[in-house]
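Worksheet for the structure shown next.
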Amino acid sequence: MVIIGKDYCNKNAQKRLQLVFRATYFVVSLSKKAASTSALVFRPISQRTQSYVAIDIDPSNSHHLDHEPFLDVDKSVLADLVKDKNFDDLSNYGGTKKLAAILETDEKNGISGDQGSIQKRVDEFGSNTYKKAPVKGFMSFLVEAFKDSTIIILLLCAALSLSFGIKQHGLKEGWYDGGSIVVAVVLVLAVSAISNFKQSRQFLQLSNENSNIEVEVVRDGRRQHISIFHVVVGDIVFLKTGDHIPADGLFLDGHSMKVDESSMTGESDQVEIDETENPFLLSGTKVMDGYGHMLVTSVGMKTTWGQMMSSITQNVNEQTPLQARLNKLTSYIGKVGLFVAFLVLMVLMIRYFTGHTFDESGKKEFIKGQTNATHIMNAAVRIIALAVTIVVVAIPEGLPLAVTLTLAYSMKRMMADHSLVRRLSACETMGSATTICTDKTGTLTLNQMQVTEFWLGKESWKEKKSLEISPDVTELIKQGVGLNTAGEVHVSPTSVCPEISGSPTESALLSWAISDMQVNIQQVKHANEIVHVEPFNSEKKRSGMLVRSNSSIRTTHVHWKGAAEMILAMCSNYYVRSGMLIDIDGEEKKQLETIIQGMAGRSLRCIAFACKRLTEESQLKCQHLPDTGLTLLGFVGLKDPCRPGVKAAVESCRKAGVSIKMITGDNIFTARSIALDCGILKSNEDLNNAIVEGATFRNYSPEERMEKIDGILVMARSTPFDKLLMVQSLKQKGQVVAVTGDGTNDAPALKEADIGLSMGIQGTEVAKESSDIVILDDNFNSVITVLKWGRCVYYNIQKFIQFQLTVNVAALVINFVAAISSGEVPLTAVQLLWVNLIMDTLGALALATEQPTDDLMDKKPVGRSEPLITNIMWRNLMAQALYQVTVLLVLQFRGSSIFGVNKKVKDTIIFNSFVLCQLFNEFNARKLERKNIFEGIQKNKLFIGIVGITVVLQVIMVEFLHRFANTERLNWEQWLACITIAALSWPIGWLVKCIPVSREYLSSHFNLG
């Protein structure tokens, strides 16, 4: 077909020439055809603004033309088609199926998966990506760091010191004091900015992982999973309940599809999708019910969703609850530091102006009426800079940085351990979890379904391999299995075994039907017409379908498939192999229920098939599929073994004080059997109160539910509402609840829980978006790994708090006491800034990257209100701070006589000893309670590397940067003395850990953390 009209006047020259050639060709073809046939048809087609003539060409001659795809597609009209829900434009294209042909898409086989063909579509219509808002660069982080008021004051003091120094001593000698402070400040800020910049990039990378959704498309006749970013115009996308619609498109076929368009329209009501009334599917919306195929018409920035997302800046600065508590702690410590710095400033100023300070030659620094203004200003600036530096050291800026580092590190490592963190707060909250409510299928089990038993009435297929079944019954079973399914079978000409796609349950049933029942799925589909579908519902636990035969008889049946005891309750008779019908009376029902219970007791998932023949009259009367008076076709038992290691994982949770509750849709017998296999239930325990059905739990009074909930370990035949009710009840009891979920209906429970854990393989996109963490391998062992990492985050922060507060207390006390008693402080501004760098950035890097250890699972969960600073931490840090203060004050007042050195060497020994004390104390901080502080140190290469780098830099500071750091060289005896002083912190730490502490939290009295 060729369309000639004014819309093409603006095309490039090449296309105009092609159109001229084609027009000429049509005239010639028309004249030839007119002589022999009058079959050529002229058909007017109305477009939005122009009139066209469409001429059908003889296909046999079309090979003479160079094929140029998508020439007949107005890309702007196509892009607006779904956005505007424009039926006129859709009818102009001839409907969805004609548009598919124009886009060179086969309705059943999709598009070609050839890379060249895909790239051609990308070139023509664009890729399914959107422009992202610009992210913060390195300079932004550097500028933010410079905005700190204390840093600005310090730099101002450095600038004044620099100007006075140059004026007094000349450029060659006068720049050292002020210049050293500037260099030290810039170094501290640069390291901090680099660290924050790297972590922000890491968070963005992990955030991008969240948006990389897998979608199912049909290409080359088979379903395949691709990234959402690789979807192109013309793709046929398979959609099911819970899926995120990846692009704008049109409904091709399917059943009972309902879509939540609230993300685009703000309307909360679900919208029904069908071929005639509303075939438009918007990118960014979610499928809430049903399934079907969609033709993609526009992608990426051509969609409203893409345009909206490109204007949204990703928030990588989410503040977690722990960071909020640390900011509060930082503020409290900062106020204490500010007060001490103010006292030091006052004392030093008073001593200076009263003539109680002396220069290096022993002369008074200030003599009233004799000291000039330059000297006075220089001294005042030096004192102010020192006071401000004390504030810089006192304020633990490293605490928020430590949280950022440990969260970034743990998120990266958790990704390697099959867990994708969607919300930062979940990392730390998981460490406080007291209860985990877990699904059974795919989480505790392998999700490798296999049909192991089939019962026709009361006869087992397993026992009678050569069981002969009536052809009529066989045909009904084939319909029930082959048609009433959301799975698909693709038979490739090059492959012997068919490819089966769908959920593990659907795949297992189809595999069994093909191999054991010899069902030809394609023949069954061709022989029957699907009239109506009720998709599987996790509340009703069944799916139904109205099927009409294409044979001359045109019989109509309704088929149901679902939980065995629920389907059985809908049946009034059952087939035997001869095709006879047996009524289900009380005794028969009891025997059939015994069969179901027997399969469940063998840990099998029991699924039943049933059907009912409908008359024309009953079809007209019923609006919903009949679900009474059915005929039972048979039971199927599916085996899904427990995952290896799940029993040990459950036991480790119990040891860690975390209760495991299994919530499943299976019947109570299957649930009990699996729970025993997994170790959730113990055979020697009272199981009567430990297992409950969802309906029973739902019907408890609130008081009864709260009384029994702690003892309930297994909930069978549960609905999503029951799971939500369980989570709400546990939270009312003060529990910190983590819950796993994979279905769309699990979204409320996932949102309600303190930590929502969705499944990466079986989980729907709705469930994933409602969760905090995605378990990529659907494995319960990965849930336990998340629990370990959550606790590791919390304890790493506590380690760093202990380390940093030790330095804070020691630095503040030493400077304050020295200033009050002698009018001078042993540590200069540059030296304090170097200590600040070790303490804040390097210390955070070293301690925040410790990996989780097994001993974390020996501890009880951390309570919601438990202070960050425990009595154990107070004991450790006060002992170390007291030791450091005592030793360094002795050196301050007696150091010169002990070592026989001058004041500058003594100050260098104090500085060196203080820094080395922090290095040695970093090892103590690795273990808050354990006495062996070197356990597992070989696994943390970063810790060893940072300690090594700090030692090298300290040697350089002392031995080579004399003017910069205001130090003197030390001999080997003095170095040995400094190392000995610092090393004594190890045995002191060991002895202190022998001292028992009370359970009452000291920090709660001071409102710390």
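Counting only Cβ charges, +1 for Lys and Arg and -1 for Asp and Glu, the dipole size of the stretch 518-653 around its Cα centre is about 440 debye. Whole-Hz Karplus values for the stretch 560-573 come out as 10, 9, x, 4, 4, 5, 6, 5, 4, 5, 8, 9, 10, 7 Hz, taken residue by residue from phi with 6.51 cos²θ - 1.76 cosθ + 1.60 and θ = phi - 60°; glycine and proline positions read x. The heavy atoms of residue 607 offer some 20 square angstrom of accessible surface to a 1.4 angstrom probe.
So if R0 is 41 Å, what FRET efficiency would residue 939 and residue 211 give, r being the distance between their Cβ atoms, rounded to the nearest 0.05? Please list the in-between numbers first.
Working: r = 33 Å, r/R0 = 0.80.
After rounding to 0.05, the efficiency reads 0.80.
Taken along the Cα-to-beta-carbon direction at a fixed 7 Å, the label points for residue 448 and residue 902 span 7.9 nm. Here the stretch 836-853 is scanned for amide nitrogen atoms under 12 Å from the site 7 Å beyond the Cα of residue 959 along Cα-to-Cβ, giving none.
In this calculation the C-beta distance from residue 491 to residue 587 is compared with R0 = 51 Å, giving a FRET efficiency of 0.70. Applied to the stretch 329-335, the Karplus parametrisation 6.51 cos²θ - 1.76 cosθ + 1.60 on θ = phi - 60° returns per-residue 3J(HN,Hα) values of 5, 4, 4, 5, 5, x, 5 Hz, with x for Gly and Pro. Charged side chains reduced to their Cβ positions (Lys and Arg at +1, Asp and Glu at -1) give the stretch 591-664 a dipole of some 520 debye around its Cα centre. Shape class for the stretch 644-793, computed from the alpha carbon gyration tensor (a ≥ b ≥ c): rounded, with a/c under 1.5. With the whole protein complex present, residue 104 retains an accessible surface near 80 Å², based on a 1.4 Å probe. With a simple spin-label model that places each label point 7 Å from the Cα along the Cα-to-Cβ direction, the separation between residue 324 and residue 138 comes to 3.5 nm.
Go through the stretch 872-946 and name the trypsin sites (Lys or Arg not before Pro) that are in a DSSP coil and have 14 or fewer other Cβ atoms within 10 Å of their Cβ. Don't skip to the end; give the middle numbers.
On the way: sites: 875, 894, 903, 904, 906, 926, 927, 930, 931, 939, 941; in loops: 927, 930, 931.
Of the trypsin sites (Lys or Arg not before Pro), the ones in loops of the stretch 872-946 whose Cβ has at most 14 other Cβ atoms within 10 Å are 930, 931.
Calculate, for the stretch 495-646, the solvent-accessible area per residue in square angstrom, rolling a 1.4 angstrom probe over the heavy atoms of the protein chains. Write out the running numbers ahead of the final one.
Details: 7100 Å² over 152 residues.
Result: 47 Å² of accessible area for each residue.
Extending 7 Å from Cα along the Cβ direction at residue 952 and again at residue 367 yields two label points whose distance is 5.0 nm. The 3J(HN,Hα) values that the Karplus relation (6.51, -1.76, 1.60; θ = phi - 60°) gives for the stretch 433-441 are, in residue order, 4, 10, 9, 10, 9, 10, 6, 9, 5 Hz. Gly and Pro appear as x.
Per residue, how large is the accessible surface of the stretch 831-927? Use a 1.4 angstrom probe and give square angstrom.
Numbers: 2920 Å² over 97 residues.
For the stretch 831-927, the per-residue accessible area is 30 Å².
Accessible area per residue (1.4 Å probe, heavy atoms of protein chains only) ranks 721, 125 as 721, 125, with the largest value leading.
For the cross-link pairs 927/993; 682/731; 412/788, which exceed 19 Å when the distance is taken from alpha carbon to alpha carbon? Could the numbers behind the result be given before it?
Working: 927/993 10 Å; 682/731 25 Å; 412/788 14 Å.
Those over the limit are 682/731.
Summarising the amide proton neighbourhood of residue 104: residues at separation of 5 or more, or on other chains, whose placed amide H is nearer than 5 Å comprise an empty set. Placing a label point 7 Å from the Cα of residue 75 along the Cα-to-Cβ direction, the residues of the stretch 223-253 with a backbone N closer than 17 Å are 231-235, 248.
In terms of its C-alpha gyration tensor, the stretch 698-764 has a prolate overall shape, because the principal axis ratio a/c (a ≥ b ≥ c, square roots of the eigenvalues) is not below 1.5 and a/b outweighs b/c.
What FRET efficiency comes out for residue 615 versus residue 204 if R0 is 51 angstrom and r is the Cβ-Cβ distance? Round to the nearest 0.05. Before the final figure, lay out each step's value.
Details: r = 62 Å, r/R0 = 1.23.
FRET efficiency, residue 615 to residue 204: 0.25.
Give, in nm to one decimal, the length gained when the segment between residue 628 and residue 377 is fully stretched (0.36 nm per residue of separation minus the Cα-Cα distance).
Values: separation 251, 0.36 × 251 = 90.36 nm, distance 9.74 nm.
So the chain would gain 80.6 nm between residue 628 and residue 377.
For the stretch 732-784, just say rounded, prolate or oblate: build the C-alpha gyration tensor, square-root its eigenvalues into a ≥ b ≥ c, call rounded for a/c under 1.5, and beyond that prolate if a/b exceeds b/c, oblate if not. Oblate is the answer for the stretch 732-784, as a/c is 1.5 or above yet b/c matches or exceeds a/b.
Backbone amide hydrogens, once placed in the peptide plane, bring residue 661 within less than 5 Å of 436, 437, 438, excluding anything fewer than 5 places away on its chain. For residue 614, the amide hydrogen comes within under 5 Å of the amide hydrogens of 556, 557, 558, counting only partners 5 or more places away or on other chains and with H modelled in the peptide plane.
When the surface is traced with a 1.4 Å probe over the full set of protein chains, residue 990 keeps roughly 120 Å² accessible.
The values are calculated or read from the model by the stated rules, or taken from the named source; none is laboratory data. All values reported here derive from a predicted model rather than from experimental measurement. Reconstructed Cβ throughout: ideal geometry from the backbone, glycine too, with neighbour counts over all protein chains shown. Surface areas here come from the heavy atoms of the whole protein model, side chains and all, with no ligands, DNA or RNA. Shrake-Rupley method; radii C 1.70, N 1.55, O 1.52, S 1.80 Å.
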